[in-house]
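A.B. asks: My structure is below; once you've seen it, I'll send some questions.
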Amino acid sequence: MKILLLGGTGQLGRESLLRAGPGLRIVAPTRRDLDLAQPETIAAYVAGQDVDVIVNAAAYTAVDKAESEPDLAFVLNAEVPGRLAAAAAAKGVPLVHVSTDYVFDGTKGAPYLPSDPVAPLGVYGASKEAGERAVRAAGGRAVVLRTAWVYGPFGGNFMKTMLRLARERDVLCVVDDQRGTPTASADLAAACLTIAARLVRDPEDHGGTFHFTNAGETTWCGFARAIVEIAGPRLAKTPEVVAIATADYPTPAERPADSRLDCAATLARYQMAQPDWRAALAATLDRLPEEVFRS
Ligand SMILES: NC(=O)C1=CN([C@@H]2O[C@H](COP(=O)(O)OP(=O)(O)OC[C@H]3O[C@@H](n4cnc5c(N)ncnc54)[C@H](OP(=O)(O)O)[C@@H]3O)[C@@H](O)[C@H]2O)C=CC1
Ligand SMILES: Cc1cn([C@H]2C[C@H](O)[C@@H](COP(=O)(O)OP(=O)(O)O[C@H]3O[C@@H](C)C(=O)[C@@H](O)[C@H]3O)O2)c(=O)[nH]c1=O
Ligand SMILES: [Mg+2]
């Protein structure tokens, strides 16, 4: 299988590239090869690639910054996926496009099904939601895979922020009223590649909208506590993690209070592994170099 991967330098992209090998060739243009902020160049670039499937792991992911940079967020998260999906459809190759729990407003009070109504609270979520619609409108075979709270060894993420703050501070104050499920980039990469392989193998698979996170649920505070607890002996010092309310941690972008995703349909159809989020966190912490814990 040969994949065209957009966003190969990001968290998901770098994990995906680790899985390349004899049976899995991955072409991953960088920003210098293909600047997605110039989306009019996408069609010709994609047309020139001999690949079986496209995976879009590129995005504008700075949730707060998006509030003051909506134009760029919408180019990368809405226009780019639309153009990629059109280019994929023109070639007759399927697309795996990654989206987010932030398309929901978090008021359902139960895990969201893929068919539940979307209602993004901020610019990032709105731009990703527009991207989902653009992918569907292109009419090709595409899976829109929503995930949440992605972290891993590569790039910036909440786990790494907590490990840095643990080195710098004695007390970490973290919101305990936003519920969801952390997702290890390794498990997400495996899920994306499983779906890509299935779309390539089975032309009758017409895709659709699916959810994938690790199993279980917590809050950002619960996630922070687990990071500190599992990293435990490796940390130079153990900070106290104090639960706070969202009202006490003002941010430019509003986030959903409960964005748990129901992944049952995805697991039934694509049969990927869904490790528990704590086990996935422990496995991820084991991969980190010593300097992340002490400095
Ligand atoms: N991070 C998270 O918590 C979550 C992420 N998602 C979604 O998962 C997907 C993967 O996210 P993640 O791996 O965390 O993203 P990252 O922010 O780690 O990576 C984003 C990627 O997009 C690329 N990119 C951004 N702008 C451009 C540009 N102008 N031209 C070319 N490439 C560009 C980046 O390249 P460069 O390195 O050059 O900047 C990078 O490779 C995204 O669709 C995201 O919305 C969904 C839920 C949670
Ligand atoms: C750093 C920090 C954050 N927080 C809060 C802020 C926020 O409500 C919550 C999460 O913080 P972050 O800003 O790191 O996470 P955020 O950027 O909102 O993460 C999101 O990223 C995008 C790309 C997604 O698609 C989402 O699934 C989700 O992963 O924790 C604290 O309470 N204390 C802290 O010290
Ligand atoms: Mg962030």
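A.B. asks: Taking a spot 7 Å from the Cα of GLU240 along the direction of its beta carbon, which residues of region 146-166 have an amide N less than 16 Å from it?
C.D. replies: Zone members listed by number: 166.
A.B. asks: Assuming R0 = 25 Å, can you tell me the calculated FRET efficiency for the pair ASP50 and ARG201, based on Cβ-Cβ distance, to the nearest 0.05?
C.D. replies: Details: r = 18 Å, r/R0 = 0.72.
Once the sixth-power term is evaluated, E becomes 0.90.
A.B. asks: Is there a pair in LYS128/LYS160; LYS91/LYS160; LYS65/LYS237; LYS2/LYS128; LYS65/LYS160; LYS91/LYS128 whose C-alpha atoms are over 29 Å apart, and which pairs would that be? Can you show the working numbers first?
C.D. replies: On the way: LYS128/LYS160 24 Å; LYS91/LYS160 39 Å; LYS65/LYS237 31 Å; LYS2/LYS128 26 Å; LYS65/LYS160 19 Å; LYS91/LYS128 24 Å.
From the list (LYS128/LYS160; LYS91/LYS160; LYS65/LYS237; LYS2/LYS128; LYS65/LYS160; LYS91/LYS128), the Cα-Cα distance tops 29 Å for LYS91/LYS160; LYS65/LYS237.
A.B. asks: For a quick check: with amide H placed at 1.01 Å from N, whose amide H comes under 5 Å from VAL98's, ignoring anything fewer than 5 positions away on the same chain?
C.D. replies: ASN56, LEU145
A.B. asks: Hey, if you put +1 on the Cβ of every Lys and Arg and -1 on every Asp and Glu Cβ in the chain, which of LEU34, THR246, ALA78 ends up farthest toward the positive end of that dipole?
C.D. replies: It is LEU34.
A.B. asks: HN-Hα J couplings of region 120-131 from phi, Karplus 6.51/-1.76/1.60, θ = phi - 60°, integer Hz, Gly and Pro as x?
C.D. replies: x, 8, x, 5, 4, x, 5, 5, 5, 5, 5, x
A.B. asks: Given the Cα-Cα distance of ALA268 and SER68 and 0.36 nm per residue of separation, how much length would full extension add, in nm? Write out the running numbers ahead of the final one.
C.D. replies: Details: separation 200, 0.36 × 200 = 72.00 nm, distance 3.98 nm.
Once the chain is fully extended between ALA268 and SER68, it gains 68.0 nm.
A.B. asks: Using only the Cα atoms of region 158-262, what do you get for the radius of gyration and for Dmax, in Å?
C.D. replies: Cα only, region 158-262: 17.5, 55 Å (Rg, Dmax).
A.B. asks: A further question follows. How large is ³J(HN,Hα), in whole Hz, for each residue of region 103-116 in order, when computed from phi with the Karplus curve 6.51 cos²θ - 1.76 cosθ + 1.60 and θ = phi - 60°, using x for Gly and Pro?
C.D. replies: So the J values, rounded to whole Hz, are 6, 9, 8, x, 9, 5, x, 7, x, 6, 7, x, 8, 5.
A.B. asks: Give, in nm to one decimal, the length gained when the segment between ALA37 and ASP116 is fully stretched (0.36 nm per residue of separation minus the Cα-Cα distance). Working shown, then result.
C.D. replies: Values: separation 79, 0.36 × 79 = 28.44 nm, distance 3.07 nm.
Extra length from ALA37 to ASP116 when fully extended: 25.4 nm.
A.B. asks: Further question: What ³J(HN,Hα) values, in whole Hz, does the Karplus curve 6.51 cos²θ - 1.76 cosθ + 1.60 give for region 15-22 when θ = phi - 60°, with x put for Gly and Pro?
C.D. replies: Each residue of region 15-22 in turn: 5, 5, 5, 4, 8, 5, x, x Hz.
A.B. asks: Counting only residues 5 or more places away or on other chains, whose amide H sits under 5 Å from the amide H of PHE104 once H atoms are built in the peptide plane?
C.D. replies: ALA119
A.B. asks: In whole percent, and with a 1.4 Å probe on the protein chains, what portion of the accessible area of the chain is carbon and sulfur? Could the numbers behind the result be given before it?
C.D. replies: Working: 6480 of 12480 Å².
That share works out to 52 percent.
A.B. asks: At q = 0.12, 0.13, 0.17 Å⁻¹, what log₁₀ I(q)/I(0) does the chain have when each alpha carbon counts as one equal point scatterer in the Debye sum?
C.D. replies: At q = 0.12, 0.13, 0.17 Å⁻¹ the computed log10 ratios are -0.76, -0.89, -1.47.
A.B. asks: List the trypsin sites (Lys or Arg not before Pro) within region 230-295 that fall in a DSSP loop (any state other than H, G, I, E or B) and whose Cβ has at most 16 other Cβ atoms within 10 Å.
C.D. replies: Values: sites: ARG234, LYS237, ARG260, ARG269, ARG278, ARG287, ARG294; in loops: LYS237, ARG260, ARG287, ARG294.
Answer in residue order: LYS237, ARG287, ARG294.
A.B. asks: Also, I was wondering about something else. Taking 0.36 nm per residue of sequence separation and subtracting the Cα-Cα distance, how much length would be gained by fully extending the chain between ALA282 and ASP248, in nm to one decimal?
C.D. replies: Details: separation 34, 0.36 × 34 = 12.24 nm, distance 2.92 nm.
That works out to 9.3 nm of additional length.
A.B. asks: Now, a different point. Report, by chain and number, residues whose modeled amide H sits under 5 Å from the one on LEU172, excluding near sequence neighbours (fewer than 5 apart, same chain).
C.D. replies: For LEU172, whose amide H was placed from the backbone, the distant partners under 5 Å are GLU240, VAL241, VAL242.
A.B. asks: Quick check: the distance between the Cα centres of region 44-61 and region 63-102, to the nearest angstrom?
C.D. replies: 11
A.B. asks: Calculate, for ASP177 and ARG25, the FRET efficiency according to 1/(1 + (r/R0)^6) with r their C-beta to C-beta distance and R0 51 Å; round to the nearest 0.05.
C.D. replies: On the way: r = 45 Å, r/R0 = 0.88.
With R0 = 51 Å, the Cβ-Cβ based efficiency is 0.70.
A.B. asks: To the nearest µm²/s, what D does Stokes-Einstein give for region 71-191 at 20 °C and 1.002 mPa s, using the Kirkwood radius over alpha carbon pairs as Rh?
C.D. replies: On the way: Rh = 16.1 Å.
Translational D for this selection: 133 µm²/s.
The values are calculated or read from the model by the stated rules, or taken from the named source; none is laboratory data. It should be emphasised that the depicted structure is a prediction, and the values quoted were computed from it without experimental measurement. Ideal geometry is used to build each Cβ from the backbone, glycine not excepted, and the neighbour counts take in all protein chains shown. All accessible areas refer to the heavy atoms of the entire protein, side chains included, with ligands and DNA or RNA removed. Shrake-Rupley method; radii C 1.70, N 1.55, O 1.52, S 1.80 Å.
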